[in-house]
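Comments concern the structure below.
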Amino acid sequence: MGRLASDNKGALAREPKQDRSRASFERVLDAATTLLSEKGYSEFTLQELSNRSQVSIGSIYGRVQGKDDLIRLVQIRVLDRLDIDQATFINRLRRQELPLRELVLETITQFGNFLRKNASILRAFMELGAGDPVAGEIGKRHYNQALHDFRLLLLERRDEIRHADPDHAVVACFNVVYASLGRYLGLGTLGSESELGNWDQLLEDVSLMALFFLLGDPRTVRPKSVRPRPRP
């Protein structure tokens, strides 16, 4: 996602030409990231950003057209960093050469805690993306990058997967895991972390569900009267 999203930066902001201006704008982006994490998208204001960053609103408007362009720029910047962080723990897991049973549990646990650590800023981006197709597309690329990393890692243990279609099974596991963890963390309509249930128990439950799905074959448990749906 990083390279693709980074290509949009020039369209969202006018590049500062002097070192002092670049440093000032970096301060704006840092402050905007913190403010979005604390306040969310709807309560984010350029006036408070100006106060926190000690950069005038006029100077901010000299770089971006308005609030949404600034937040899209912050989104690209943050998600680029998260892609790198995600790749780091995925590669660390890859080097451990764990068997599938351990790899699934460890991957989902680390991915879940990674989401939880960054949930506040991700909520702000999703709030913007719900009504902004540009931000929505940026977020979709990040989701697809996470899916890609997860898929490649687990399919390295393809020989241990007993599902009839390992590729489909791994993708299905990721989608269900992300939906379950995202709902708990408010990465959607809830807007805040759920108080229902225990986080560690949820991680264990979804990890075991995914593992059982990968180690099973739906043809052996599906009622004979239920035919598998044709693939698109």
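Points to keep in mind about this one:
- Residue selection: GLU102 fails the criterion of being part of a helix (DSSP H, G or I) and either touching a Leu at 6+ places or on another chain (Cβ under 7 Å) or not acidic (Asp, Glu) (or both).
- Counting the residues of segment 79-92 that are crowded, with 22+ Cβ neighbours inside 10 Å and either free of Cβ contacts under 8 Å to residues at least 12 places away in the same chain or closer than 17 Å to LEU36 by Cα (or both) gives 1.
- Pairs linking a residue in segment 157-176 that is surrounded by 15 or more Cβ atoms within 10 Å (Cβ to Cβ) to a residue that is in a helix (DSSP H, G or I) and of a type in the set (D, E, K, R), with Cβ atoms under 7 Å and 6 or more positions apart or on different chains, are PRO166/ARG158; VAL170/ARG151; VAL171/ARG151; PHE174/ARG151.
- Residue check, GLY112 assigned to a helix (DSSP H, G or I), within 12 Å of the chain's Cα centre (by Cα), within 30 Å of LEU214 (Cα to Cα) and modelled with pLDDT under 95: no
- Inside segment 210-232, residues that are surrounded by fewer than 15 Cβ atoms within 10 Å (Cβ to Cβ) and at pLDDT 65 or above make up a count of 10.
The values are calculated or read from the model by the stated rules, or taken from the named source; none is laboratory data. The shown structure was predicted, so the numbers you read here are calculated from the model rather than taken from an experiment. We place every Cβ from the backbone using ideal geometry, glycine too, and count neighbours over all the protein chains shown.
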